[in-house]
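Asker: Got a structure for you, written out below as structure tokens; questions coming shortly.
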Amino acid sequence: MSDALADKRTASRFRILAEIADRQPAVSQGEIAEAVGVTSQAVSEYIRELVDDGLVEKEGRSRYRVTKEGVDWLFREAKSLRRYVDHVTDDVLESLQEDAAIAVEAVEAGDTVSLSIRNGLLHATPGEEGAATGVATTDAEAGT
């Protein structure tokens, strides 16, 4: 998994560095704070750390530039994120299936239901008695 997903601090560093790269060289800490969902003070501290780590160069008041090392770090993290997203979409979500069914009786999200075909339509009955079962993903009244 990507380091950017490992903890909130690394995720915030990634997002702030990406925002700097997108807005450089004139960077408003307030705009970054709004985009990332942290305070301007937090952005200031993150930028100071990014400068100390050699990922960002400060070129004057509110002027920053992502260094080659910063670009390399962003690329590594973005590639790692892409691999993880590909795994989730291709491997995890592809194995999940969601179909619409008519509720025979009232059903609540999370209930186990038995599935059956009636008159060519899929029906869901609360309980596990049927040959095919599933889990309701939404609440439904009988007949819906």
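The values are calculated or read from the model by the stated rules, or taken from the named source; none is laboratory data. The shown structure was predicted, so the numbers you read here are calculated from the model rather than taken from an experiment. Counting neighbours? That spans all protein chains shown, and the Cβs are built from the backbone with ideal geometry, glycine included. In case anyone asks, the SASA skips ligands and DNA or RNA and just uses the protein heavy atoms, side chains included. Shrake-Rupley method; radii C 1.70, N 1.55, O 1.52, S 1.80 Å.
Asker: Would you calculate a helix-derived [θ] at 222 nm for the chain, using -39,500 (n - 2.57) for each DSSP H run of n ≥ 4 and dividing by the full residue count, to the nearest 500? Don't skip to the end; give the middle numbers.
Answerer: Values: 4 runs with 57 residues, N = 144.
The per-residue figure over the chain is -13000 deg cm²/dmol.
Asker: Taking 37 °C and 0.692 mPa s as the conditions, I'd like the Stokes-Einstein D for the range 1-121 in µm²/s, using the Kirkwood hydrodynamic radius from alpha carbon pairs.
Answerer: This corresponds to a translational diffusion coefficient of 187 µm²/s.
Asker: Keeping all protein chains in position, work out how much accessible area HIS123 exposes to a 1.4 Å probe, and write it in Å² to the nearest 10.
Answerer: Per-residue accessible area (HIS123): approximately 30 Å².
Asker: Each label point is 7 Å from the Cα along the Cα-to-Cβ direction; what then is the distance between the points at ASP72 and GLU108, in nm?
Answerer: Distance between label points: 5.5 nm.
Asker: Near GLU69, within a Cβ-to-Cβ distance under 14 Å, what is the net charge of the other residues, with Lys and Arg +1 and Asp and Glu -1?
Answerer: Details: positive: ARG13, ARG65, LYS68, ARG76; negative: GLU49, ASP52, ASP53, GLU57, ASP72, GLU77.
For residues surrounding GLU69, the net value is -2.
Asker: So, one more: Taking the simple approach of a point 7 Å from Cα along Cα-to-Cβ for both THR137 and ALA21, what is their distance in nm?
Answerer: Distance between the two pseudo-spin positions: 3.3 nm.
Asker: Let me ask another. Residues with beta-carbon under 14 Å from that of SER28, excluding SER28: net charge, scoring Lys, Arg +1 and Asp, Glu -1? Don't jump to the answer; show the numbers that get you there.
Answerer: Values: positive: ARG23, ARG61, ARG63; negative: GLU19, ASP22, GLU31, GLU34.
Result for the local shell: -1.
Asker: Please give me the summed charge of the neighbours of VAL104: other residues whose Cβ is under 13 Å from its Cβ, Lys and Arg +1, Asp and Glu -1.
Answerer: Values: positive: ARG118; negative: GLU105, ASP111, GLU129, GLU141.
Overall, the nearby charge balance is -3.
Asker: With a/c under 1.5 counting as rounded, go ahead and sort the range 96-144 into rounded, prolate or oblate using the C-alpha gyration tensor (a ≥ b ≥ c being the square roots of the eigenvalues; past the cut-off, prolate if a/b is larger than b/c, else oblate). Each step should come with its number before you reach the end.
Answerer: Working: a/c = 1.27, a/b = 1.09, b/c = 1.17.
Judged from the Cα gyration tensor, the range 96-144 comes out rounded (a/c under 1.5).
Asker: Volume per residue, Å³, of the convex hull around the alpha-carbon atoms of the range 51-144? Spell out each step's value before the answer.
Answerer: Details: hull volume 16.9 nm³, N = 94.
Here the figure is 179 Å³ per residue.
Asker: Mind checking which lysines have their C-alpha under 18 Å from LYS68, skipping anything on the same chain fewer than 8 residues away?
Answerer: Filter leaves LYS58, LYS79.
Asker: Hey, if you put +1 on the Cβ of every Lys and Arg and -1 on every Asp and Glu Cβ in the chain, which of LEU74, GLY110, ILE47 ends up farthest toward the positive end of that dipole?
Answerer: Final value for the positive-end residue is ILE47.
Asker: May I pose another question? For ALA103, what residues show an amide H to amide H distance below 5 Å, using hydrogens built from the backbone and excluding near sequence neighbours?
Answerer: ALA124, GLY143, THR144
Asker: What is the packing order of peptides 20-32, 108-120, taking the mean over residues of other C-beta atoms within 10 Å and listing the highest first?
Answerer: Numbers: 20-32: 16.3, 108-120: 12.4.
The most tightly packed comes first, giving 20-32, 108-120.
Asker: Starting at the first residue of the range 117-122, write each ³J(HN,Hα) from the Karplus equation 6.51 cos²θ - 1.76 cosθ + 1.60 with θ = phi - 60°, in whole Hz, x for Gly and Pro.
Answerer: Residue by residue, the range 117-122 yields 9, 10, 6, x, 10, 7 Hz.
Asker: When the dipole is taken about the Cα centre of the chain, and only Lys, Arg (+1) and Asp, Glu (-1) are charged at their Cβ, what size is it in debye, to the nearest 20?
Answerer: Numbers: 16 positive and 28 negative charges, 216 e Å.
Computed about the Cα centre, the dipole is about 1040 debye.
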